[in-house]
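Reviewing the structure listed below.
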Amino acid sequence: MANAKSRFKVMSLTDAAADRVRSIMENADHPVAALKVGVRNGGCAGMSYTMEWADQIGPMDEVVEEKGVKLLIDPKAVLFLLGTQMDFRTDKLSSGFVFNNPNQTSACGCGESVAIEPAQASAMDSAHP
């Protein structure tokens with residue numbers, strides 16, 4: 001399994017994010033294995049975060065288990081997400097998942113797109129538990 005060979009934790013979750021993911025999974029219309037997180041090219045700032053339900057764990061997926069939630073990290077996104085904390089916030093007009101990413105260099109005004117630089121080797125060394 002991918003987690004066995006990991007030396008560092010790619011992402012972490014706040015209590016609010018873990019509670020929201022767990023709640024959605026419990027109310028899903030079919031069983032899911034985990035929430036898969038990644039990034040894709042697109043948007044005015046260059047990249048956007050992706051989230052989708054995974055029915056199974058892929059052989060190359062990075063597995064993060066924290067606070068009763070299982071995340072799968074797309075292998076192509078690991079260097080872009082290293083050190084990221086996933087949060088869930090609610091305010092007067094909206095609610096949603098927020099990514100506090102130390103690799104993010106900017107974001108567009110619409111909030112849907114970000115610029116992210118891949119983590120350097122020194123960042124991976126400091127991410128060890």
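Bear in mind that the values in this text are calculations on the coordinates, not laboratory data. Predicted, not measured: the structure shown is a model, and the values here were computed from it. Heads up, the Cβs are rebuilt from the backbone with ideal geometry, glycines too, and the neighbour counts pull from every protein chain shown.
Please identify the trypsin sites (Lys or Arg not before Pro) of segment 10-71 that satisfy two criteria: DSSP loop assignment and at most 15 other Cβ atoms within 10 Å. Which are they? Walk me through the numbers before you get to the answer.
Details: sites: Arg20, Arg22, Lys36, Arg40, Lys67, Lys70; in loops: Lys67.
Answer by residue number: Lys67.
For the pair segment 12-45 / segment 48-87, the C-alpha centres are spaced 9 Å from each other.
Between the amide H of Ala33 and those of Ala54, Asp55, Gln56, distances stay under 5 Å, these residues lying 5 or more places away or on another chain, with hydrogens modeled in the peptide plane.
Please list, in chain and number order, the residues 5+ apart from Ala119 or on another chain whose amide H is under 5 Å from its amide H, with Hs placed from the backbone. Amide H to amide H, under 5 Å and 5 or more residues apart or across chains, Ala119 pairs with Phe80, Leu82.
Among the listed pairs Lys36/Lys67; Lys70/Lys92; Lys36/Lys92; Lys9/Lys70, those whose Cα-Cα separation exceeds 22 Å are Lys70/Lys92; Lys36/Lys92.
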